[in-house]
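Undergrad: Below you'll find the structure I mean.
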Amino acid sequence: MKRFVGSWMLGVSMLVSTACVTSCEDDNKSQGGQNDKVYENILKEYVNSTVIPTYRALAEAALEMRVANEALKLTPTDATMQAASNAWMNARVWWELSEAFLFGPVGENALDIDGHIDSWPLELADIQAELTVGAGLTGQQAWRKDAEVIGFHVTEYLLYRDGAARPVADLTAAERNYLTAATDALVWDCVLAYVAWVGEENVPEAMKAVFRENPDVVAHLDNNGNYKNFAARLTSATGYSSWSDALAEIAVGAAEIAGEVGATKIEAPYAAGNVMEVESWYSWHSLDDYRNNIKSIKNAYLGGVDDNTRKSVTLSAHVRQVNPDLDDQIKAKIEDCLTKIAAIGTGGKSFYEVVRDQLNGPQVEAAVDACNELQRLFDSLPDIL
């Protein structure tokens, strides 16, 4: 996610016009189209088999991270430090697997959970200033802070150095408290994403209780009511002029993250030679992050959450009926991106080291080109829907 600009709380009460429904849109949809039922079924399968399982797993992983970090705070040992680092890594994977569907409640034009949870670079001076205050920061206070001092990357900063879990002796009491407070804020954002998509009435009671722990989080969703139970809105095309426009969201979401991986996450920091622009560089997890972003595209296009859960009713299946060559190109380019991003680490290097030492330039260029081509392919899909 690109750097978050401005204060989180400034956007709390904003309603987003893109979800408004007009009588003209209703009239257009009522005319029907020959593929409307096909598109409706694809959207339902996409939501139920890819989006909701991903956000549910993210919320559950964040809660596991909370447990691990509380254990670290109470009993600081190298073992609890490693367990907390592992829990961060698991939650991080599920977050990156969600980035092909940032067009919904999570996006910057909606609840902006993405901006709040995944901004970088961090404001290290502000973090250090907070740490000097001592052990007073609460989760609710953390959630109200600007994005550059909370989220995945501040918890990563507290848990990791140079690609490994920090020695627990290096972690101060103030850092342990900051970690648990920032983790609470992260938990609420992850649960908010799940609740916003599926609807509070449809989540387990335990998850609902977590969502309601922080009144500010509840108010944020209440003040942006068009994003409540977004799954129901998308699968009924509510707020869209046609079923094809609703279905095009999948393609647009995929195109945007493909472009971001290539241009923002890989090309920009390498061209600048600036390690501070490298995402997830404390854990040296960057290349895995980028591959997981491409896997999120694969899941959105092919259905399911991994290669073992693929579905038959998918955007890919429909594209294959209309233009089999294009479907082949998209699937091949997805695999090409995964391979070429991995190749950036040739020689066992992290992306941090690649950027710092300006290594593996041809591999970087090849990965960027592959991501750009994948974006172009997905950009072409709305024209055939």
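Undergrad: Calculate the length of the line joining the C-alpha centroid of region 300-323 to that of region 111-183, in whole Å.
TA: Each part reduced to its Cα centre gives a spacing of 38 Å.
Undergrad: Excluding residue 139 itself, what net charge comes from residues whose Cβ is under 15 Å from its Cβ, given Lys and Arg +1 and Asp and Glu -1?
TA: Summing Lys/Arg as +1 and Asp/Glu as -1 gives 0.
Undergrad: Per residue of region 37-53, in order, report the coupling 6.51 cos²θ - 1.76 cosθ + 1.60 (Karplus, θ = phi - 60°) as ³J(HN,Hα) in whole Hz, putting x for Gly and Pro.
TA: 5, 4, 5, 4, 5, 4, 4, 5, 5, 4, 5, 6, 9, 10, 5, 5, x
Undergrad: Quick check on region 150-278: what does the Kirkwood estimate of hydrodynamic radius come out to from the alpha carbon pairs, in Å?
TA: Roughly 18.0 Å, rounded to one decimal.
Undergrad: Hey, which aspartates and glutamates would be in cross-link range of residue 44, C-alpha to C-alpha under 17 Å, not counting anything within fewer than 8 residues on its own chain?
TA: 36, 245, 249
Undergrad: While we're looking at this one, here's another question. Within straight cross-link reach of residue 208, meaning Cα distance under 19 Å, which lysines are found once same-chain residues fewer than 8 apart are removed?
TA: Of all the lysines, those that pass the test against residue 208 - Cα under 19 Å, at least 8 places apart if same chain - are 228.
Undergrad: Under a 1.4 Å probe, what is the accessible area of the chain per residue, stated in Å²?
TA: I get 38 Å² per residue for the chain.
Undergrad: Where does region 69-185 land on Rg(C-alpha)/(2.2 N^0.38 Å)?
TA: In units of the globular-protein estimate, region 69-185 measures up at 1.06.
Undergrad: Taking the Cβ of residue 314 as the center, what net charge do the other residues with Cβ under 13 Å away carry, scoring Lys and Arg +1 and Asp and Glu -1?
TA: +4
Undergrad: From the phi angles alone, apply the Karplus equation (6.51, -1.76, 1.60; θ = phi - 60°) to region 250-263 and give each ³J(HN,Hα) in whole Hz, x where the residue is Gly or Pro.
TA: Listing the rounded values in order: 4, 5, 5, x, 5, 4, 5, 6, 4, x, 5, 4, x, 7 Hz.
Undergrad: Any lysines with Cα under 23 Å of the residue 265 Cα? List them, leaving off those in the same chain fewer than 8 positions away.
TA: Output for residue 265: 2, 295, 298, 331, 333, 340, 349.
The values are calculated or read from the model by the stated rules, or taken from the named source; none is laboratory data. Here the structure is a predicted model, which means the values were calculated and not measured. Cβ: placed from backbone, ideal geometry, glycine included. Neighbour counts: every protein chain shown. Please note that ligands, DNA and RNA were not included when accessible areas were found on the heavy atoms of the full protein model with its side chains. Shrake-Rupley method; radii C 1.70, N 1.55, O 1.52, S 1.80 Å.
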